[in-house]
1. Mind listing just one residue for me: the one in segment 87-101 that is free of Cβ contacts under 8 Å to residues at least 24 places away in the same chain and in a helix (DSSP H, G or I) and, of those, surrounded by the fewest Cβ atoms within 10 Å (Cβ to Cβ)?
2. Mind listing just one residue for me: the one in segment 102-114 that is open to solvent by less than 70 Å² (accessible area, probe 1.4 Å) and in a helix (DSSP H, G or I) and, of those, nearest to residue 134 (Cα to Cα)?
3. Within segment 115-141, how many residues turn out to be open to solvent by less than 100 Å² (accessible area, probe 1.4 Å) and of a type in the set (Asp, Glu)?
Amino acid sequence: MPDFVDSTVKDIDARLRELKEETARLEAARSALVGTRRGPGRPPGSASTANTTNAASTRTRTRARRSSANGRRTRRSRGRRGGNTRANQALQLVSERPGITIPEIATSMGIEPNYLYRVLPKLAGEGQVRKDGQGWHPGKK
């Protein structure tokens, strides 16, 4: 019976190694397609760098992409759309439905409300909206 357990554990370990290698290959392929990179604070191995043969070529390509014509590193775009799109959407909802609350705005926009708790006070500081109790109203223009 102990031989069966030992062989089963070895089979499981071998399969887990295979799955980890396959995961690394899939993550590398996904990263290449999406163009993302591992951000700060994420544990090592959470991106395509787990596969060491691809890691060196990935680092080389990344360096080449980040270098400008004069050889200095340039800041890489994070892929944001800009233009305060969600802030504009929230502002439009406040204009259409005065007294709307942040959770209602978040539900209408299909996002988490935590983002709006940062955005709406900024809009209020700019005079675009004002808060009355729990609800938000259009500001005076």
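1. Among residues in segment 87-101 that are free of Cβ contacts under 8 Å to residues at least 24 places away in the same chain and in a helix (DSSP H, G or I), the one surrounded by the fewest Cβ atoms within 10 Å (Cβ to Cβ) is 96.
2. First, pick out the residues of segment 102-114 that are open to solvent by less than 70 Å² (accessible area, probe 1.4 Å): 102-103, 105-106, 108-111, 113.
So of that shortlist, the ones also in a helix (DSSP H, G or I) come out as 102-103, 105-106, 108-109, 113.
Numbers: 102: 8, 103: 10, 105: 12, 106: 14, 108: 17, 109: 18, 113: 14 Å.
Residue satisfying both the conditions and the ranking: 102.
3. Just the residues of segment 115-141 that are open to solvent by less than 100 Å² (accessible area, probe 1.4 Å), to begin with: 115-116, 119-121, 123-125, 127-129, 132-133, 135-139.
Imposing the further condition that a residue be of a type in the set (Asp, Glu) reduces the set to 132.
Within segment 115-141, residues that are open to solvent by less than 100 Å² (accessible area, probe 1.4 Å) and of a type in the set (Asp, Glu) number 1.
Residues checked against (1) exposed (fewer than 10 other Cβ atoms within 10 Å of the Cβ); (2) modelled with pLDDT of 90 or more:
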| position | (1), (2) |
| --- | --- |
| 4 | yes, no |
| 11 | no, yes |
| 15 | no, yes |
| 27 | no, no |
| 37 | no, no |
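The values are calculated or read from the model by the stated rules, or taken from the named source; none is laboratory data. Remember, it's a predicted structure, so these values are computed and weren't measured experimentally. Cβ atoms come from the backbone with ideal geometry, glycine included; neighbour counts cover every protein chain shown. Areas reflect the complete protein model, heavy atoms only, side chains present, ligands, DNA and RNA absent. Shrake-Rupley method; radii C 1.70, N 1.55, O 1.52, S 1.80 Å.
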